[in-house]
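For reference, the structure discussed in these notes is given below.
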Amino acid sequence: MILVTGASGNVGGELVGVLAAAGRPVRALIRDTERFEARPGVEVVTGDLNRAETLTGALDGVEGVFLLGGFADMLGVLDRIRSAGAGHVVLLSSRSVAGGDPANAIVAMHQDSEAAVRGSGVGWTILRSSGFMSNTFEWVPQLRDGDEVHAPFAEVGIAVIDPYDIASVAAAVLNDPDYHGRHLHISGPEALRPADRLATLARVLGRPLTFRAQPDAEARAEMSRTVPERYVDAFFRFFSDGDFDDAPVLPTVEVVTGRPARTFEDWATAHAGAFS
């Protein structure tokens, strides 16, 4: 049995589907049953990673865990995973950790989560991912109102990755001792600026979409309305100050899964309905 945390999210949801399609026993951990669509062969349980004591039943009989980081009591969560007898944890992290400054809140969050996993006494694999293609869903409200999209960091290319590919790598390594103790850096197949993604989305949707580069001051004010200030600062350190380069393309998805990483056009085509 594999427990997938964050099963209602972009990566966790894809992983549940990949495991179920392969006939592997999978248990989906969610906080709200109304946000998760039941699937054949998938056991659904509720729990909260911010409250480790709620995970006892979810961990019963589990041999592998796909784990998100950044929760309040990572040590407590991992202690319960170890006590339940699980032999492998696959942690989703960020490749900003490698050589990153711990004064950056995002780097520190992932570094702390990784350290907790490495010290847990459970076999582990850490997936250090590039930015997600699914972050493009942030544009949905703008596209409901018209054909112009504004976004920050207009000249920054990111080798965005399809969450399906992260899930496919996770499924391949879960409970595989050959991957224990390894950090896998994963990316999408090409570095894209926001305007590049929008041009692809315009072709897929058949809409005359236009891009407006958002000035830093405007972007900071907009982000600060919904994102804690320490994380807003972290993004600006990454992409405005140049502290982190998320553009390098890596072959890891193909090496692990045996097939090329999906393109942004693949992702946009699969999710076109969300932008209608």
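Per-residue answers, yes or no, for (1) out of contact with any Cys (no Cβ under 7 Å at 6 or more places or on another chain); (2) in a helix (DSSP H, G or I); (3) at pLDDT 95 or above:
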| residue | (1), (2), (3) |
| --- | --- |
| Gly100 | yes, no, no |
| Ile106 | yes, yes, yes |
| Gln111 | yes, yes, yes |
| Val117 | yes, yes, yes |
| Leu127 | yes, no, yes |
| Ser134 | yes, yes, yes |
| Phe137 | yes, yes, yes |
| Gln142 | yes, yes, yes |
| Val149 | yes, no, yes |
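Filtering region 198-219 to residues that are under 23 Å from Ser130 (Cβ atoms) and touching a helix residue (DSSP H, G or I) at 6+ places or on another chain (Cβ under 6 Å) leaves Thr200, Leu201, Val204, Phe211. Pick from region 237-254 the residues that are surrounded by 18 or more Cβ atoms within 10 Å (Cβ to Cβ) and hydrophobic (A, V, I, L, M, F, W, C): which of them is nearest to Ala154 (Cα to Cα)? My answer is Phe239.
Per-residue answers, yes or no, for (1) more than 16 Å from Gly121 (Cβ to Cβ); (2) among the basic types (Lys, Arg):
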| residue | (1), (2) |
| --- | --- |
| Gly9 | yes, no |
| Gly12 | yes, no |
| Leu15 | yes, no |
| Arg39 | yes, yes |
| Val45 | yes, no |
| Leu67 | no, no |
| Val77 | no, no |
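Val65 is checked against (1) over 17 Å from the mean Cα position of the chain (by Cα); (2) at pLDDT 95 or above and fails just one. What number does that condition carry? Condition (1) is where Val65 drops out. Being assigned to a helix (DSSP H, G or I), crowded, with 21+ Cβ neighbours inside 10 Å and in contact with a Pro (Cβ under 8 Å, 6 or more places away or on another chain) is a property that Val169 lacks. For first residues located in region 251-276 and under 17 Å from Val149 (Cβ atoms), partners that are open to solvent by less than 30 Å² (accessible area, probe 1.4 Å) and of a type in the set (D, E, K, R) and lie 6+ apart or on another chain with Cβ distances below 6 Å form the pairs Trp267/Asp162. So, of the residues in region 181-214 that are open to solvent by 70 Å² or more (accessible area, probe 1.4 Å) and outside any strand (DSSP E or B), which turns out to be farthest from Ser276 (Cα to Cα)? Result: Glu190.
Do the conditions hold for Ala7, that is, is it open to solvent by 10 Å² or more (accessible area, probe 1.4 Å) and among the small types (Gly, Ala, Ser)? No; evaluated as a whole, the condition is false for this residue.
I'm checking my understanding of the structure. Among residues of region 79-104 that are closer than 13 Å to Phe244 by Cα and touching a residue at least 60 places away in the same chain (Cβ under 8 Å), which one is nearest to the chain's Cα centre (by Cα)? Checking each candidate, the answer is Arg95. Filter region 40-81 down to the residues that are assigned to a strand (DSSP E or B) and of a type in the set (Asp, Glu), then identify the one that is most open to solvent (accessible area, probe 1.4 Å). Per the criteria, the residue is Glu43. It is to be established whether one or more residues within region 18-28 are closer than 22 Å to Arg128 by Cα, out of contact with any strand residue (DSSP E or B) (no Cβ under 7 Å at 6 or more places or on another chain), part of a helix (DSSP H, G or I) and of a type in the set (Val, Ile, Thr). Yes, that holds for at least one residue. Restricting to region 221-276, and then to whatever is in contact with a strand residue (DSSP E or B) (Cβ under 8 Å, 6 or more places away or on another chain) and assigned to a helix (DSSP H, G or I), can you tell me which residue is farthest from Arg193 (Cα to Cα)? Out of the qualifying residues, it is Val256. Counting residues in region 232-244 that are free of Cβ contacts under 8 Å to residues at least 24 places away in the same chain and in contact with an Asp or Glu (Cβ under 9 Å, 6 or more places away or on another chain) gives one or more.
Scanning region 101-122 for residues that are open to solvent by less than 70 Å² (accessible area, probe 1.4 Å) and among the aliphatic types (A, V, I, L, M) yields Ala105, Ile106, Val107, Ala108, Met109, Ala115, Ala116, Val117, Val122.
The values are calculated or read from the model by the stated rules, or taken from the named source; none is laboratory data. Given the structure is predicted, the values throughout are model-derived calculations rather than measurements. For neighbour counting, all protein chains shown are included, and Cβ atoms are generated from backbone atoms with ideal geometry for every residue, glycine included. Side chains included, ligands, DNA and RNA excluded: accessible areas come from the protein's heavy atoms. Shrake-Rupley method; radii C 1.70, N 1.55, O 1.52, S 1.80 Å.
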